[in-house]
Amino acid sequence: MHGYELYDWSTRRKKRIDAFQARFGFPIITSAQAILMACHFLGVEKVALLAPYPQWMVDMSLTYWQQCGLLITHSTRTTMDTTDTCAVYQMRASMVMQAADNLNTSDADAILISGTGMPSLRVMSALSLKTGKPVLSSNLCLAWAMLQEVGVQLHRARSDRGEILIGEWVERAALL
């Protein structure tokens, strides 16, 4: 996909989202928007990307994130068969952590685990503590952005626990 096509697609998507917001009377936040909001909030400009997608989709996502102003320092995919994108729902946290071992994070400000269906909560804290980098996921960013939107006062995240954006979730995730 060329930059112009991506820009045109993004512009059309924003118009559709704006139309739905006007029609239904409530805010709509996509996971991609939430990730960008979180990166801006945290001052993150460079990310190492871990995704559960087929390579062609990872390539498209790299183009998308770069067009949005993020520098992707490295990317890797999970080792699971990704020809069927529904396979992500069969993935286990241990598989995500194994894929993360192949991710070079040295030049990144943060690690982004992309893919709303990929199990990431159990991995995020351990990966953050292992690498010393904040770890973002599609779902955590989306939860944070929605809570911000409705004005919920959040607990302070503790980096010594591997938390980011929202505090006190690591203990709860361990119960899953």
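Summary table below
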read-out: Looking only at the stretch 124-154, and only at residues there that are among the hydroxyl-bearing types (Ser, Thr, Tyr) and in contact with a strand residue (DSSP E or B) (Cβ under 6 Å, 6 or more places away or on another chain), the one that is farthest from Met37 (Cα to Cα); value: Ser128
read-out: Some residue of the stretch 48-55 being small (Gly, Ala, Ser) and at pLDDT below 80; value: no
read-out: Residue that is nearest to Thr116 (Cα to Cα) [pool: residues in the stretch 43-58 that are of a type in the set (A, V, I, L, M, F, W, C) and in contact (Cβ under 8 Å) with a residue 24 or more places away in the chain]; value: Ala51
read-out: Some residue of the stretch 2-12 being in a loop (DSSP other than H, G, I, E, B), surrounded by fewer than 13 Cβ atoms within 10 Å (Cβ to Cβ) and at pLDDT below 85; value: yes
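The values are calculated or read from the model by the stated rules, or taken from the named source; none is laboratory data. It should be emphasised that the depicted structure is a prediction, and the values quoted were computed from it without experimental measurement. Cβ coordinates were reconstructed from backbone atoms using ideal geometry, including for glycine residues, and neighbour counts include every protein chain displayed.
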